[in-house]
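*Asks:* Encoded as structure tokens, here's the structure I'll be asking about.
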């Protein structure tokens with residue numbers, strides 16, 4: 001059990017599916033990455049705080065359900081650029097970055113969303 005990322009092609013065939021991490025580990029990954037980017041998730045709307053997401057370019061990733069919903073392939077481009085840049089700086093989360101980067105690459109390649117499941 002955990003957070004999995006799924007990408008399908010335009011014919012709805014599965015082209016990528018991988019578990020990112022368990023729910024707790026996925027939350028820790030998001031908290032650590034947001035912290036690296038200067039965002040305290042505890043202060044953000046949706047995490048118990050009141051701060052707006054307006055100035056956070058990775059809102060589609062951080063302000064997203066762990067177990068449902070989609071991220072567009074266009075948003076995946078922004079996530080991919082930042083993930084490639086930050087992965088070496090958070091090596092504790094190498095597995096999570098690897099899965100996220102792969103899912104983003106497939107979503108962009110097929111121009112289809114990343115599905116959280």
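Every number in this text was worked out from the coordinates using simple rules, so none of it is lab data. Because the structure is a prediction, the values reported are computed rather than measured. Here Cβ is always computed from backbone atoms with ideal geometry, including for glycine, and neighbour counts include all displayed protein chains.
*Asks:* For 85, 106, which order do you get if you count the other beta carbons within 10 Å of each Cβ and list the fewest first?
*Replies:* Fewest-to-most Cβ neighbours within 10 Å comes out as 85, 106.
*Asks:* Helix 94-110 versus the longest principal axis of the chain: what is the Cα-based angle in degrees, 0 to 90, to the nearest 10?
*Replies:* 50 degrees
*Asks:* Another one. Compute the angle between helix 23-36 and the longest alpha-carbon principal axis of the chain, please, reported from 0 to 90 degrees and rounded to the nearest 10.
*Replies:* Around 60 degrees separate the two axes.
*Asks:* Right, another one. Within 10 Å of each residue's Cβ, count the other Cβ atoms and sort 99, 7 from fewest upward.
*Replies:* 99, 7
*Asks:* Related question: How big is the convex hull of the Cα atoms of the chain, per residue, in Å³?
*Replies:* 92 Å³
*Asks:* Calculate the spin-label point distance for residue 51 paired with residue 111, positioning each point 7 Å from the Cα along the beta-carbon direction, and give it in nanometres.
*Replies:* Taking the simple label geometry, residue 111 and residue 51 are separated by 3.6 nm.
*Asks:* Among 86-94, 107-115, 53-61, what's the highest-first ranking by average C-beta atoms within 10 angstrom per residue?
*Replies:* Going from most to least packed, we get 107-115, 53-61, 86-94.
*Asks:* Looking at the chain as a GNM with Cα springs under 10 Å, which of 76, 103, 34 has the largest mean-square fluctuation?
*Replies:* Highest fluctuation of the listed residues: 34.
*Asks:* Using only Cα atoms and rounding to the nearest 10 degrees, what angle (0 to 90) does helix 73-86 make with the longest principal axis of the chain?
*Replies:* 60 degrees
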